[in-house]
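Here's the structure we're looking at; comments come further down.
Read-outs: derived from the displayed coordinates by stated rules, not from any lab. Owing to the predicted nature of the structure, the values given are computational and were not obtained by experimental measurement. FYI the Cβ positions are ideal-geometry reconstructions off the backbone, even for glycines, and counts take in every protein chain you see.
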Amino acid sequence: MNTWRVLRALVRKEFIEVVRDPITLAVAVLLPLLLLFIFGYGLSMDVEDVPIAVYDQDRTQDSQRFVEAFVQSGYFRLHRNLMSPREVDAALDRGEATVVILIPPDFSRTLGSDREASVQLLIDGSFSPTALIVSNYLAAVVNRFSSGLAERRLAELGLDAPPPLRLESRVWYNAPMKTVNYIVPGLFAVLLMAFPPMLTALAIVRERERGTIEQIYVSPVSPALFILGKILPYAAIAFAEMLLVLVVGTYWFDIPLRGSLALLLGASLLYVFVTVGLGVAVSTVARTQVAAVFLSLVGTLMPSFLFSGFLFPIATMPYVMQLYTYVFPTRYFNDISRDLFLKGVGIEYLWGNLALLGLYAIVLFGAASLSLRKKVAR
C-alpha cells in the first residue's frame, strides 16, 4: 500500500466533504472575523473622557483651578456641577458620573493658611479594573496640582528650590497604553481555539453517525494515517483562518508586529495542529454532533477565555488556578503571540512555549491513534 497515495486520497475526500458543506465553512471563516471586531472594539480598558461631577462648596478661584486640572489632563470630562449632597448620590446611582469630586467650603482658606486641605473623590467601583485605573489617574492629577501649588508658593517667597526627586517614567512595549494592542494578539490564540476543534470533531462524529467510519476499521489504513488524513484539511483551513485574522487584525487595528513574522507563522502552524488534535480528542468522547459542538465549546473555547491570560492576568489567580492554566495550550500561544507583537523577542525566549506546544500536538496525535487502534482491534 502506497502510504502517500492513501494519505492524498484521505485528504482529498475530506476536502470534498468540506466543500459540500459551504455554510459550515463560511461560518468557520467569517465568524472569527466578526468576533475579532467585537472583541477588538468591545474589550477596552482604556481610560479617557471619564465623566466627572463636582460638588463645589467653596466656589473660589482655587477650587475652579483644582477642577480644571482634571479636565486639562485629557482623561476626564466635566459632566455637571452638583448643587446639593442629594445630587451626589443620584449622579453615581444613575451612572451619570464615574467620579464625584467633593470640595469643602474651606478649601481655599485652608490652602491660603499653608495647611493641608482635604478633598473627597467618590469613584464608581462597579467594574473594579476600570475603577483602579481611574483612581491612579485621579491621584496623579492631585499630586501634580499639589506640586504646582507648592512651586508657585516658593516662587512668591523668592525661593527657587528644585524638587528633591524627579520622576521620569517610560512605558515599554505598549507606549500608547492602548488596550487593543494587548487584546488583539491574544485574540489570535482564542479564535483559533474556537472553530478548528469543533470542525474536526464534527467531521469524525459525522462519519460515526453515518456508519462510514466502520469502513476505516476494516480497511488496511493505519489509525495514524487516518487521523493524519482527517486533521490535515482542517489544519489547512485553520491556518488560512489564522492568516486572515492576522492580516485583518494587524492592519485594521494598526498593531505593529515587532517580532519575526516567520516565527509567528511557524508557531501558528504548530498551534493549529494542537487545535485540530483537540478536535480529534473531543470526537473520541462525543457520540453525536450536538455533543461534539457542546464539548468543543465547553472544553476548549471557554477555558481559553478564562485560563489563558487573555482577559485575566494569570499571576493574579489563586495558586491552584495558576497550576490549572498549564493544562491549556492557549496559554502558551497567547504568550508567544503577545511577546512577538509587543516585545519583539526571539526564539531564545519562546522556545519553551514552542516545545510545550509541540509536545501537546504529539501527545494528542498519539492518544487519538491509540484510541482508534483499540476500536479497530475490537
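Which FRET efficiency value, to the nearest 0.05, do you get for Ser84 and Ala131 by plugging their Cβ-Cβ distance into 1/(1 + (r/R0)^6) with R0 = 25 Å? Plugging the Cβ-Cβ distance into 1/(1 + (r/R0)^6) gives 0.50. Fully extending the segment from Arg20 to Gln322, taken as 0.36 nm per residue of separation minus the present Cα-Cα distance, adds 104.4 nm. The ellipsoid equivalent to the alpha-carbon distribution of the range 50-156 has semi-axes of 24, 16, 11 angstrom, derived from the gyration tensor eigenvalues as √(5λ) and listed largest first. Within the chain, the proportion of C-alpha pairs whose separation exceeds 32 Å stands at 51%. Quotient of the Cα radius of gyration of the range 4-101 and 2.2 N^0.38 Å, N being its number of residues: 2.23. Among Tyr271, Tyr234, Tyr41, the residue with the largest mean-square fluctuation in a Gaussian network model of the chain, with springs joining Cα atoms closer than 10 Å, is Tyr41. By other beta-carbon atoms within 10 Å, ranking Met302, Met198 with the fewest at the front produces Met302, Met198.
The charge dipole of the chain, taken about its Cα centre with unit charges on the Cβ of Lys, Arg, Asp and Glu (plus for the first two, minus for the last two), comes to roughly 2100 debye. Highest mobility in the GNM of the chain, judged by mean-square fluctuation with C-alpha springs under 10 Å and restricted to Leu340, Leu364, Leu82, is found for Leu82. Using the Cβ-Cβ distance between Leu7 and Gln57 with R0 = 56 Å, the FRET efficiency computed as 1/(1 + (r/R0)^6) comes to roughly 0.10. Each part reduced to its alpha carbon centroid, the range 93-112 and the range 236-271 end up 49 Å apart. Within the chain, the whole DSSP H helices whose Cα atoms reach 18 Å or more along their own axis and whose mean Kyte-Doolittle score is at least 1.6 are 22-42, 179-192, 223-252, 261-285. Excluding residues on the same chain fewer than 8 positions from Lys343, give the aspartates and glutamates whose Cα lies under 14 Å from its Cα. Output for Lys343: Asp335.
Modelled spin labels at Arg144 and Asp93, positioned 7 Å past Cα toward Cβ, are 3.4 nm from each other.
Between the beta carbons of Glu209 and Leu263, assuming R0 = 35 Å, the FRET efficiency works out to 0.30 to the nearest 0.05. Reported to the nearest whole Å, the Cα centre-to-centre distance from the range 8-83 to the range 301-346 is 21. Less than 17 Å apart at the alpha-carbon level, and either on another chain or at least 8 residues along: which aspartates and glutamates does that give for Lys230? Of all the aspartates and glutamates, those that pass the test against Lys230 - Cα under 17 Å, at least 8 places apart if same chain - are Glu14, Glu17, Asp21, Glu207, Glu209, Glu214.
Which of Val280, Val272, Val19 moves most in a GNM of the chain, Cα contacts under 10 Å? Top of the fluctuation ranking is Val19.
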